[in-house]
Amino acid sequence: SRKNARKAALHPLWQSPLTIPGGTRQSPINIQWRDSVYDPFLKPLKISYDPTTCLHIWNNGYSFLVEFDDSADRSTIVGGPLENQYRLKQFHFHWGAINDWGSEHTVDSKFYPAELHLVHWNAVEYPSFEEAVMEGNGLAVIGVFLKLGARHEGLQTLVDALPAVRHKDAVIEFDDFDPSCLIPSCPDYWTYAGSLTTPPLTESVTWIIKKKPIEVDENQLEAFRTLLFTSDGEEERRMVDNFRPLQPLMNRTVRSSFR
Ligand SMILES: NS(=O)(=O)c1nc2c(F)c(F)c(F)c(F)c2s1
Ligand SMILES: [Zn+2]
């Protein structure tokens, strides 16, 4: 009826619903360290990326994505909480207007200034990424926190390319980049069952959140903030605060790979 037809609250950035009706495993979440449960059966995560699978960088109006050739098992992850091998499709970041916030996940309610997501799909069980996005075990996303500190030399090659993708829909060729340089060597991670944090928000992601952050410097974070949500010719809106609000944990346990 009319009185029940209340409009779902929409997030200003994406006009996406803040909550998915019936959603039971939405992301991001706060990771309460002391509530996470050590699982001795969790395996180490095995990451094997081939830098020649790197294709291009593009600004999709939510973030900037570095996309990979996922037509074969050339850049993959296996092990950890995963039952299958997953193929790297793209990586992207979320960040804030200032260093006090920007990450999607929080640890003990602490925000980091930015968060990296490496998106993989289950090519063993599904024929395409688009199909995997709709399945409960379709995707595996590695989350890496960024903290303010020393300049990150590996990230700098990415930062140097950002002016070329300042506007929404801009794309440039980008090759020979190995994203494992952005992943901390410490093997420790948390893992939980969640969702995409941007539309279509599907509950298809096994999240693997690295415990240790990587360090980047102020200039590198500022470079992210020079990007635009808007296309060339539109009134400029700076690409900042492109993170989704925290979602309820509901009936989920966050497991840790470490004591
Ligand atoms: N922030 S996220 O959860 O890692 C994430 N969201 C999305 C998304 F909305 C998509 F449409 C998409 F094609 C993705 F590959 C991802 S990956
Ligand atoms: Zn993301």
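The values are calculated or read from the model by the stated rules, or taken from the named source; none is laboratory data. Keep in mind that this is a model prediction, so the values were computed, not measured. Cβ coordinates were reconstructed from backbone atoms using ideal geometry, including for glycine residues, and neighbour counts include every protein chain displayed. When the accessible area is computed, the model is the full protein with side chains, heavy atoms only, and any ligands, DNA or RNA have been set aside. Shrake-Rupley method; radii C 1.70, N 1.55, O 1.52, S 1.80 Å.
Counted as qualifying within the range 42-112 are no strands (runs of 3 or more DSSP E), as none has 2 or more residues that are basic (Lys, Arg), away from ligand 1 (no atom under 16 Å from the Cβ) and touching a strand residue (DSSP E or B) at 6+ places or on another chain (Cβ under 8 Å). Taken together, Leu13, Leu45, Leu82, Leu18 contain a single residue that is open to solvent by less than 60 Å² (accessible area, probe 1.4 Å), more than 16 Å from ligand 2 (Cβ to nearest atom) and at pLDDT below 95, which is Leu18. Anything in the range 123-137 that is free of Cβ contacts under 8 Å to residues at least 40 places away in the same chain and of a type outside the set (Gly, Ala, Ser)? List them, or say none. Once the filter is applied, which keeps residues that are free of Cβ contacts under 8 Å to residues at least 40 places away in the same chain and of a type outside the set (Gly, Ala, Ser), the range 123-137 yields Tyr126, Pro127, Glu130, Glu131.
If you scan the range 91-121, which residues turn out to be more than 9 Å from ligand 2 (Cβ to nearest atom), free of Cβ contacts under 8 Å to residues at least 40 places away in the same chain and among the aliphatic types (A, V, I, L, M)? Correct list: Ile98 only.
Where residues in the range 167-190 are more than 25 Å from Tyr38 (Cβ to Cβ) and open to solvent by 50 Å² or more (accessible area, probe 1.4 Å), which of them is farthest from ligand 1 (Cβ to nearest atom)? Going through the qualifying residues, I end up with Asp176. Criterion applied to Ala140, Ala193, Ala164 was being closer than 18 Å to Pro28 by Cβ and either free of Cβ contacts under 8 Å to residues at least 40 places away in the same chain or open to solvent by 10 Å² or more (accessible area, probe 1.4 Å) (or both), and the one residue passing it is Ala193. Is it true that some residue in the range 247-255 is more than 16 Å from ligand 2 (Cβ to nearest atom), closer than 26 Å to Ile31 by Cα and free of Cβ contacts under 8 Å to residues at least 60 places away in the same chain? Checking the range 247-255: not a single residue is more than 16 Å from ligand 2 (Cβ to nearest atom), closer than 26 Å to Ile31 by Cα and free of Cβ contacts under 8 Å to residues at least 60 places away in the same chain. Within the range 133-166, the set of residues being within 16 Å of ligand 1 (Cβ to nearest atom) and among the small types (Gly, Ala, Ser) comprises Gly136, Gly138, Ala140, Gly143.
What number goes with the only condition from (1) over 18 Å from Glu104 (Cα atoms); (2) in contact (Cβ under 8 Å) with a residue 40 or more places away in the chain; (3) hydroxyl-bearing (Ser, Thr, Tyr) that Thr198 does not pass? Unmet for Thr198, out of (1) over 18 Å from Glu104 (Cα atoms); (2) in contact (Cβ under 8 Å) with a residue 40 or more places away in the chain; (3) hydroxyl-bearing (Ser, Thr, Tyr): (1).
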